[in-house]
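Shown next, in C-alpha cells, is the structure this report addresses.
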C-alpha cells in the first residue's frame, strides 16, 4: 500500500506499527511483567504466611525462641525466611514497578489512573518492607531475639504478623489494580494524539 506521508511523525508512527513495537505495546508488555511478578510475590508471601509463619509465631515467645534455636542447632534444616526467593523477586518487582510507572505516563487517563495506583501502592509496600518488615523479622528470627524480653518478643511478633496480613491484602489490591489497567486500552478512544 503506497501512501503519501507529509508529516515525519506520521511516518515514524507507521514504521513503529510495522515493526510491532509501538509505545502502547511496550507499555502493555511492561505492565504484564509487573502483574506476573506481583502475582509471584503474593504467592510467595501467602506461602510464608500460611506455612512458615505459624512455625515461629504460633505461641510467642516460646515458639520464636525455639525457632531460632532450631535454626542455630540445625542450619541445614532451617527455613530461610526471605532468603534466595525474596532476594531475586523483590529487586525484579521493584524494577518492573519503576518500568511500569515510566512506561505508563503517557497512557490514557483511565488506564493511567489504574496503572499508577497499582504501582504507587506496590512501591510504597516495597519501601515499607525494606524499612520496617525486614529489620524486624531479622531481629525476631536472629540472635537478637535471645536478648529480648518475653513481652517484647510477644509484642513484636504480634505486630509483625498483623501488619504482614495488611501488607498482603494491600499487595493484592495493587495486583487487582494492575490487572484492571491491563484490561483497559493504553490510549483514550477520544485522544486525537495517542502516545507514540
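Residue 117 falls short of the stated requirement of being exposed (fewer than 14 other Cβ atoms within 10 Å of the Cβ), at pLDDT 95 or above and closer than 30 Å to residue 181 by Cα. The condition of being closer than 23 Å to residue 162 by Cα and modelled with pLDDT under 95 does not hold for residue 71.
Under the condition of being in contact (Cβ under 8 Å) with a residue 24 or more places away in the chain and either under 18 Å from residue 168 (Cα atoms) or not in a helix (DSSP H, G or I) (or both), the residues counted in the stretch 93-123 number 13.
Looking across 176, 95, 105, 140, one residue alone is surrounded by fewer than 16 Cβ atoms within 10 Å (Cβ to Cβ) and over 16 Å from residue 33 (Cα atoms). It is 105. Of the residues making up the stretch 54-68, those that are surrounded by 18 or more Cβ atoms within 10 Å (Cβ to Cβ) and either modelled with pLDDT under 95 or part of a helix (DSSP H, G or I) (or both) are 56, 57, 64, 67, 68. If you go through the stretch 69-92 and keep only what is touching a residue at least 12 places away in the same chain (Cβ under 8 Å), farther than 18 Å from residue 153 by Cβ and either assigned to a loop (DSSP other than H, G, I, E, B) or touching a strand residue (DSSP E or B) at 6+ places or on another chain (Cβ under 8 Å) (or both), you end up with 79, 82. Residues that are part of a helix (DSSP H, G or I) and free of Cβ contacts under 8 Å to residues at least 60 places away in the same chain within the stretch 136-150 comprise 136, 137, 138, 139, 144, 147, listed in sequence order. All conditions but one from (1) more than 23 Å from residue 129 (Cβ to Cβ); (2) modelled with pLDDT of 95 or more; (3) part of a helix (DSSP H, G or I) apply to residue 42; the one that does not is (1). Of everything listed in (1) assigned to a helix (DSSP H, G or I); (2) surrounded by fewer than 15 Cβ atoms within 10 Å (Cβ to Cβ); (3) touching a residue at least 60 places away in the same chain (Cβ under 8 Å), the single unmet condition for residue 185 is (1).
The values are calculated or read from the model by the stated rules, or taken from the named source; none is laboratory data. The model shown is predicted, which means the values in this text are computed figures rather than measured ones. Note: ideal-geometry Cβ built from the backbone for every residue, glycine included; neighbour counts use all protein chains shown.
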